[in-house]
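K.L.:
So that we are looking at the same thing, I have put the structure below in C-alpha coordinates.
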Amino acid sequence: MIDIPGGVVDLRDDRKATRWSVDIAPFRMARYVTTMRDSANPKVNVSWIDAIAACNSLSAQDGLTPAYHDIDSESPTWDRTSNGYRLPTEAEWQYACKAGTPGYRYGPIDEIAWYEANSGDTCHPVGSKAPNAWGLHDMIGNVWEWCWDLYDPEVYGTYRIFRGGSWAEMARGCGASVRRRSHPSFAIDDLGFRIAQSAGPGA
(Lines give C-alpha, C1' and ligand atoms only; values in the text may rest on other atoms or scores of the structure.)
Protein backbone atom coordinates (compact mmCIF):
# COMPACT_ATOMS: atom_id res chain seq x y z
CA MET A 1 0.00 0.00 0.00
CA ILE A 2 1.19 3.51 -0.84
CA ASP A 3 0.51 6.49 1.41
CA ILE A 4 -1.38 9.17 -0.52
CA PRO A 5 -1.18 12.72 0.90
CA GLY A 6 -4.26 14.83 1.44
CA GLY A 7 -5.27 17.58 -0.96
CA VAL A 8 -8.06 18.79 -3.23
CA VAL A 9 -9.31 17.35 -6.52
CA ASP A 10 -11.58 18.94 -9.14
CA LEU A 11 -14.21 16.64 -10.66
CA ARG A 12 -16.63 17.12 -13.51
CA ASP A 13 -19.68 15.48 -15.03
CA ASP A 14 -19.79 16.31 -18.74
CA ARG A 15 -23.29 14.83 -19.05
CA LYS A 16 -24.66 17.41 -16.64
CA ALA A 17 -22.06 20.09 -17.42
CA THR A 18 -21.23 20.37 -13.71
CA ARG A 19 -17.93 20.77 -11.86
CA TRP A 20 -17.10 20.48 -8.17
CA SER A 21 -14.13 20.21 -5.82
CA VAL A 22 -13.55 17.57 -3.13
CA ASP A 23 -11.20 17.72 -0.15
CA ILE A 24 -9.18 14.51 0.11
CA ALA A 25 -7.96 13.25 3.49
CA PRO A 26 -4.72 11.21 3.51
CA PHE A 27 -5.36 7.57 2.64
CA ARG A 28 -3.62 4.49 1.29
CA MET A 29 -3.97 2.85 -2.09
CA ALA A 30 -2.60 -0.38 -3.51
CA ARG A 31 0.36 0.00 -5.86
CA TYR A 32 -1.33 -2.41 -8.29
CA VAL A 33 -4.84 -3.40 -9.26
CA THR A 34 -5.92 -6.62 -7.51
CA THR A 35 -4.50 -9.67 -9.26
CA MET A 36 -5.46 -13.31 -9.74
CA ARG A 37 -4.48 -15.62 -6.88
CA ASP A 38 -1.63 -17.31 -8.80
CA SER A 39 -0.88 -14.72 -11.44
CA ALA A 40 0.29 -11.15 -11.93
CA ASN A 41 -2.64 -10.57 -14.28
CA PRO A 42 -5.49 -8.36 -13.05
CA LYS A 43 -8.48 -10.08 -11.50
CA VAL A 44 -11.33 -9.31 -13.90
CA ASN A 45 -14.94 -10.36 -14.45
CA VAL A 46 -15.49 -8.89 -10.98
CA SER A 47 -18.74 -7.14 -10.16
CA TRP A 48 -18.90 -4.21 -7.74
CA ILE A 49 -20.62 -6.56 -5.28
CA ASP A 50 -17.77 -9.06 -5.69
CA ALA A 51 -15.24 -6.28 -5.15
CA ILE A 52 -16.64 -5.05 -1.83
CA ALA A 53 -16.98 -8.65 -0.62
CA ALA A 54 -13.33 -9.23 -1.54
CA CYS A 55 -12.33 -6.11 0.41
CA ASN A 56 -14.07 -7.48 3.51
CA SER A 57 -12.47 -10.89 3.04
CA LEU A 58 -8.98 -9.39 2.70
CA SER A 59 -9.61 -7.25 5.79
CA ALA A 60 -10.57 -10.32 7.82
CA GLN A 61 -7.45 -12.16 6.66
CA ASP A 62 -5.27 -9.29 7.89
CA GLY A 63 -7.09 -8.83 11.20
CA LEU A 64 -8.71 -5.55 10.18
CA THR A 65 -12.28 -4.37 10.75
CA PRO A 66 -14.35 -4.92 7.58
CA ALA A 67 -15.39 -1.68 5.93
CA TYR A 68 -18.69 -2.84 4.45
CA HIS A 69 -21.97 -3.99 5.95
CA ASP A 70 -25.18 -5.37 4.45
CA ILE A 71 -23.27 -6.34 1.31
CA ASP A 72 -26.02 -8.73 0.24
CA SER A 73 -28.62 -5.94 0.26
CA GLU A 74 -29.44 -3.37 -2.42
CA SER A 75 -27.83 -0.65 -0.29
CA PRO A 76 -24.53 -1.80 1.25
CA THR A 77 -23.09 0.62 3.78
CA TRP A 78 -19.52 1.77 4.38
CA ASP A 79 -18.24 2.21 7.94
CA ARG A 80 -15.93 5.16 7.45
CA THR A 81 -14.30 4.57 10.85
CA SER A 82 -13.11 1.12 9.76
CA ASN A 83 -9.42 0.37 9.25
CA GLY A 84 -10.27 -2.33 6.72
CA TYR A 85 -9.69 -2.42 2.99
CA ARG A 86 -12.22 -0.75 0.74
CA LEU A 87 -12.77 0.67 -2.72
CA PRO A 88 -11.59 4.24 -3.28
CA THR A 89 -14.14 6.94 -3.79
CA GLU A 90 -14.07 8.32 -7.32
CA ALA A 91 -12.58 11.55 -5.95
CA GLU A 92 -9.78 9.61 -4.24
CA TRP A 93 -9.26 7.56 -7.38
CA GLN A 94 -8.89 10.60 -9.65
CA TYR A 95 -6.70 12.42 -7.14
CA ALA A 96 -4.40 9.39 -6.81
CA CYS A 97 -4.34 8.87 -10.57
CA LYS A 98 -3.23 12.41 -11.33
CA ALA A 99 -0.60 12.35 -8.55
CA GLY A 100 -0.22 16.11 -8.63
CA THR A 101 0.00 16.39 -12.40
CA PRO A 102 -2.31 18.79 -14.28
CA GLY A 103 -2.97 16.87 -17.48
CA TYR A 104 -5.49 14.36 -18.80
CA ARG A 105 -2.87 11.64 -18.18
CA TYR A 106 0.18 11.47 -15.92
CA GLY A 107 2.48 10.59 -18.83
CA PRO A 108 2.62 9.62 -22.52
CA ILE A 109 -0.05 7.00 -23.04
CA ASP A 110 2.19 4.33 -24.59
CA GLU A 111 4.57 4.58 -21.64
CA ILE A 112 1.93 4.29 -18.91
CA ALA A 113 -1.01 2.34 -20.33
CA TRP A 114 -2.17 -0.78 -22.12
CA TYR A 115 -5.01 0.31 -24.38
CA GLU A 116 -6.64 -0.62 -27.69
CA ALA A 117 -3.68 0.40 -29.87
CA ASN A 118 -0.95 -1.51 -28.02
CA SER A 119 -2.59 -4.24 -25.91
CA GLY A 120 -3.01 -6.99 -28.50
CA ASP A 121 -6.64 -7.26 -27.35
CA THR A 122 -5.81 -8.62 -23.90
CA CYS A 123 -4.91 -7.49 -20.42
CA HIS A 124 -1.29 -7.63 -19.24
CA PRO A 125 0.55 -8.36 -15.97
CA VAL A 126 0.37 -5.45 -13.55
CA GLY A 127 3.33 -3.12 -13.23
CA SER A 128 4.67 -3.57 -16.74
CA LYS A 129 4.09 0.09 -17.62
CA ALA A 130 5.59 3.16 -15.93
CA PRO A 131 3.96 4.29 -12.65
CA ASN A 132 2.72 7.75 -11.83
CA ALA A 133 4.62 10.15 -9.57
CA TRP A 134 3.28 8.45 -6.44
CA GLY A 135 4.30 4.96 -7.54
CA LEU A 136 0.88 3.70 -8.65
CA HIS A 137 0.90 1.48 -11.74
CA ASP A 138 -1.80 1.01 -14.39
CA MET A 139 -4.11 3.75 -13.14
CA ILE A 140 -4.71 4.43 -16.82
CA GLY A 141 -5.48 1.47 -19.10
CA ASN A 142 -5.17 -2.30 -18.63
CA VAL A 143 -8.45 -2.68 -16.69
CA TRP A 144 -11.18 -0.34 -15.51
CA GLU A 145 -11.40 -0.01 -11.72
CA TRP A 146 -14.55 0.03 -9.60
CA CYS A 147 -15.07 2.94 -7.20
CA TRP A 148 -17.42 3.15 -4.22
CA ASP A 149 -19.70 5.91 -5.51
CA LEU A 150 -23.17 5.81 -6.96
CA TYR A 151 -23.23 7.41 -10.40
CA ASP A 152 -26.55 9.29 -10.42
CA PRO A 153 -29.18 7.72 -8.13
CA GLU A 154 -32.07 9.78 -9.50
CA VAL A 155 -31.46 8.59 -13.06
CA TYR A 156 -29.46 5.35 -12.77
CA GLY A 157 -30.52 3.99 -9.38
CA THR A 158 -27.86 1.70 -7.90
CA TYR A 159 -25.35 2.04 -10.75
CA ARG A 160 -21.75 2.43 -9.52
CA ILE A 161 -18.78 4.24 -11.06
CA PHE A 162 -15.64 2.77 -12.59
CA ARG A 163 -12.58 4.66 -13.79
CA GLY A 164 -9.34 4.53 -15.74
CA GLY A 165 -9.88 2.92 -19.15
CA SER A 166 -8.74 -0.53 -20.23
CA TRP A 167 -6.87 -2.65 -22.75
CA ALA A 168 -9.98 -2.56 -24.97
CA GLU A 169 -10.48 1.21 -24.83
CA MET A 170 -9.41 3.75 -27.43
CA ALA A 171 -6.92 6.42 -26.33
CA ARG A 172 -9.54 9.10 -25.74
CA GLY A 173 -11.28 6.87 -23.20
CA CYS A 174 -8.11 6.41 -21.15
CA GLY A 175 -7.78 9.50 -18.97
CA ALA A 176 -7.89 10.59 -15.35
CA SER A 177 -11.30 12.26 -15.64
CA VAL A 178 -13.20 9.62 -17.67
CA ARG A 179 -16.27 8.33 -15.80
CA ARG A 180 -18.22 5.18 -16.65
CA ARG A 181 -20.98 3.37 -14.78
CA SER A 182 -22.90 0.12 -14.59
CA HIS A 183 -25.12 -2.00 -12.38
CA PRO A 184 -23.29 -3.34 -9.30
CA SER A 185 -23.79 -6.89 -10.57
CA PHE A 186 -22.10 -6.11 -13.90
CA ALA A 187 -18.85 -7.98 -14.64
CA ILE A 188 -16.70 -8.08 -17.78
CA ASP A 189 -13.20 -9.06 -18.88
CA ASP A 190 -11.69 -5.57 -18.71
CA LEU A 191 -13.02 -4.46 -15.32
CA GLY A 192 -11.35 -5.06 -11.96
CA PHE A 193 -10.65 -3.20 -8.72
CA ARG A 194 -7.87 -1.72 -6.57
CA ILE A 195 -8.02 -1.60 -2.81
CA ALA A 196 -7.71 1.49 -0.67
CA GLN A 197 -7.56 2.03 3.09
CA SER A 198 -8.36 5.01 5.26
CA ALA A 199 -5.36 6.44 7.10
CA GLY A 200 -5.83 6.71 10.85
CA PRO A 201 -4.79 5.40 14.27
CA GLY A 202 -6.19 1.92 13.62
CA ALA A 203 -5.11 1.55 10.01
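The values are calculated or read from the model by the stated rules, or taken from the named source; none is laboratory data. Note that the structure is a prediction, hence the values are computed from the model and not measured. Virtual Cβ from ideal backbone geometry, glycine too; neighbours counted across all protein chains shown. All accessible areas refer to the heavy atoms of the entire protein, side chains included, with ligands and DNA or RNA removed. Shrake-Rupley method; radii C 1.70, N 1.55, O 1.52, S 1.80 Å.
K.L.:
Answer with yes or no whether Asp149 is under 16 Å from Asp13 (Cβ atoms) and either open to solvent by 10 Å² or more (accessible area, probe 1.4 Å) or touching a strand residue (DSSP E or B) at 6+ places or on another chain (Cβ under 6 Å) (or both).
P.N.:
Considered against the rule, which asks whether it is under 16 Å from Asp13 (Cβ atoms) and either open to solvent by 10 Å² or more (accessible area, probe 1.4 Å) or touching a strand residue (DSSP E or B) at 6+ places or on another chain (Cβ under 6 Å) (or both), Asp149 comes out as yes.
K.L.:
Quick check: anything in the stretch 160-183 in contact with a Leu (Cβ under 7 Å, 6 or more places away or on another chain), farther than 25 Å from Asn118 by Cα and in contact (Cβ under 8 Å) with a residue 60 or more places away in the chain?
P.N.:
Yes; the residues of the stretch 160-183 include at least one that is in contact with a Leu (Cβ under 7 Å, 6 or more places away or on another chain), farther than 25 Å from Asn118 by Cα and in contact (Cβ under 8 Å) with a residue 60 or more places away in the chain.
K.L.:
Does Arg19 satisfy being under 20 Å from Trp144 (Cα atoms) and charged (D, E, K, R)?
P.N.:
no
K.L.:
Something else: Being under 25 Å from Gly165 (Cα atoms) and either in a helix (DSSP H, G or I) or of a type in the set (D, E, K, R) (or both) is the requirement here; does Arg80 meet it?
P.N.:
Here the answer is no, as Arg80 does not meet what is asked.
K.L.:
Right, next: Being of a type in the set (D, E, K, R), surrounded by fewer than 23 Cβ atoms within 10 Å (Cβ to Cβ) and under 26 Å from Thr77 (Cα atoms) is the filter here, so list the residues in the stretch 152-179 that pass it.
P.N.:
Asp152, Glu154, Arg179
K.L.:
OK, next. Please go through (1) surrounded by fewer than 23 Cβ atoms within 10 Å (Cβ to Cβ); (2) in a loop (DSSP other than H, G, I, E, B); (3) in contact with a helix residue (DSSP H, G or I) (Cβ under 9 Å, 6 or more places away or on another chain) for Ile188 and return the number of the only condition it doesn't satisfy.
P.N.:
Going through the list (1) surrounded by fewer than 23 Cβ atoms within 10 Å (Cβ to Cβ); (2) in a loop (DSSP other than H, G, I, E, B); (3) in contact with a helix residue (DSSP H, G or I) (Cβ under 9 Å, 6 or more places away or on another chain), Ile188 breaks only (3).
K.L.:
Return a yes/no flag: does the stretch 122-130 have any residue that is touching a helix residue (DSSP H, G or I) at 6+ places or on another chain (Cβ under 7 Å), in a strand (DSSP E or B), modelled with pLDDT of 95 or more and of a type in the set (Lys, Arg).
P.N.:
There is no residue in the stretch 122-130 that is touching a helix residue (DSSP H, G or I) at 6+ places or on another chain (Cβ under 7 Å), in a strand (DSSP E or B), modelled with pLDDT of 95 or more and of a type in the set (Lys, Arg).
K.L.:
Which numbered condition in (1) assigned to a loop (DSSP other than H, G, I, E, B); (2) at pLDDT 95 or above; (3) closer than 21 Å to Pro26 by Cβ; (4) of a type in the set (Ser, Thr, Tyr) is the only one that Tyr115 fails?
P.N.:
Among (1) assigned to a loop (DSSP other than H, G, I, E, B); (2) at pLDDT 95 or above; (3) closer than 21 Å to Pro26 by Cβ; (4) of a type in the set (Ser, Thr, Tyr), the lone unmet condition for Tyr115 is (3).
K.L.:
Now a separate question. State yes or no: is Ala60 open to solvent by 40 Å² or more (accessible area, probe 1.4 Å) and of a type outside the set (Asp, Glu)?
P.N.:
So Ala60 fits the description; yes.
K.L.:
What do you reckon, is Ser119 of a type in the set (S, T, N, Q) and under 30 Å from Thr81 (Cβ atoms)?
P.N.:
no
K.L.:
Go through Asp62, Asp38, Asp23 for me and flag whichever is touching a strand residue (DSSP E or B) at 6+ places or on another chain (Cβ under 6 Å), closer than 24 Å to Gly135 by Cα, of a type outside the set (S, T, N, Q) and free of Cβ contacts under 8 Å to residues at least 40 places away in the same chain.
P.N.:
Unique residue meeting the criteria: Asp23.
K.L.:
I'd like the full set of residues that are under 29 Å from Tyr156 (Cα atoms), outside any loop (DSSP other than H, G, I, E, B) and either out of contact with any helix residue (DSSP H, G or I) (no Cβ under 8 Å at 6 or more places or on another chain) or open to solvent by 20 Å² or more (accessible area, probe 1.4 Å) (or both), limited to the stretch 1-33.
P.N.:
Val8, Asp10, Arg12, Asp13, Thr18, Arg19, Trp20, Ser21, Val22, Asp23
K.L.:
Now, a different point. Could you check the stretch 120-152 and list, in sequence order, the residues that are under 21 Å from Pro5 (Cβ atoms) and among the β-branched types (Val, Ile, Thr)?
P.N.:
Ile140
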